[in-house]
Each structure stands twice: as structure tokens, then as C-alpha cells.
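All remarks here apply to the structure that follows.
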Amino acid sequence: MQRIEALNPEQTTGPSKDLFEAIQSKLGMVPNMMRTMGNSPAVLGGYLSLSESLGKSTLGGKLGELIALTVANVNGCNYCNAAHSFIGEKLVGIDANTIENAKAGKGNDAKTQAALTFAQVLLAKRGSVSTEDFNAVKGAGYTDAEIAEIIGHTVLNIFTNYFNNAIEVVVDFPETALVETSTF
């Protein structure tokens, strides 16, 4: 059972209502995670702001979704695994094989692999990466800005994973199995 109530957008007032209306107009729905975050307009607004900013990053939506899937599976987040599998396939156009590979932290090419490996290393080392870790992602062709964005995507997904896991947010996307991953 979900530990914090997901607000009903039609019965919500104030700042959360405004945020819900913006989400509804963009997505056509207000997902349970966001309805639950809406208990604190500061939390929902912060999540939406960072998500929107990263959506405009030079990495692009596809790599952002692949990072989200890798992070969700390392953190055992059923909600994010389901949401990003659905979004990746239906909204971004990522094929099922690429989605399954990303769940396991595997990219379909060397550059994507470097980004997913860096995200996994960030998780395993709690951000305290070594010079070798940093040089590996840099050596794969990522710019300083793109490395910052990989970190940003990883952190955004840690936030949503922890939120969903702690609250036990009810999954409102088609469920898909988590993949066991090894951390570094």
C-alpha cells in the first residue's frame, strides 16, 4: 500500500493544482509519482524543473531514457523501470532490445556504453569517481557539458527512485521486470 496519498488532480488546489494542470496538458495524464510528489509543491516543482532542464540537454532524450533505465534497475525501482520502459518505447521510439540492454547497464555502441557505465560507477561510488572513471567517459567522446548532464540525469533518477521506493508509489504504467545488475 502506498505510504503517502497520491492527490486527485481534480480536487487539488493551489500551487500543486497549477503544476498538475501543466503536467496534464503536456502528458495527457498526471502519473501517480507526480500526484504523490504534489503533496509538496516544492518537491514536485523541483523535480519538474530539473527534468525539464535536462530534457533540453545536449545528450538528447534517448540517452536520458537509457540512463534512467540503468539507474532504475541498479536501485530496484519498479515504478521508474516501468515508466521509462514505456516512455522510451512509446514516446522516444527506443526498440525493446535497446531498452532491455539499458536495464542491464549495456549500451548498443561504445559511446552509449561509456555513459551507462559512468552512471553505474557514480551510483556505486556515490559520486566519488576516480580519475580513471572520469577519463573513461571523457575518452569515449563526451564533452565536459555532456559529462555534467550524465551526472544530472543520474541524480534526477536517484531522486525519483528513492522517492518511489520509500513511498511505495503504485505503478500506473505497464509493469516490466527489473533486471539484476551488478554494481562496480
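Overview of results
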item	result
M37, sole failed condition from (1) surrounded by fewer than 19 Cβ atoms within 10 Å (Cβ to Cβ); (2) within 24 Å of N78 (Cα to Cα); (3) not hydroxyl-bearing (S, T, Y)	(1)
Test: N8 is polar (S, T, N, Q) and within 19 Å of the chain's Cα centre (by Cα)	no
Single match in F173, F118, F134 (criterion: over 30 Å from A6 (Cα atoms) and within 16 Å of the chain's Cα centre (by Cα))	F118
Test: residue in region 135-156 that is buried (at least 19 other Cβ atoms within 10 Å of the Cβ), among the hydrophobic types (A, V, I, L, M, F, W, C) and within 13 Å of N75 (Cα to Cα)	yes
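Where a number appears in this text, it was derived from the coordinates with a stated rule and is not lab data. Worth saying up front: this structure is predicted, and the values here are computed from it rather than measured. Note that each Cβ is placed from the backbone with ideal geometry, even for glycine, and that neighbours are counted across all protein chains shown.
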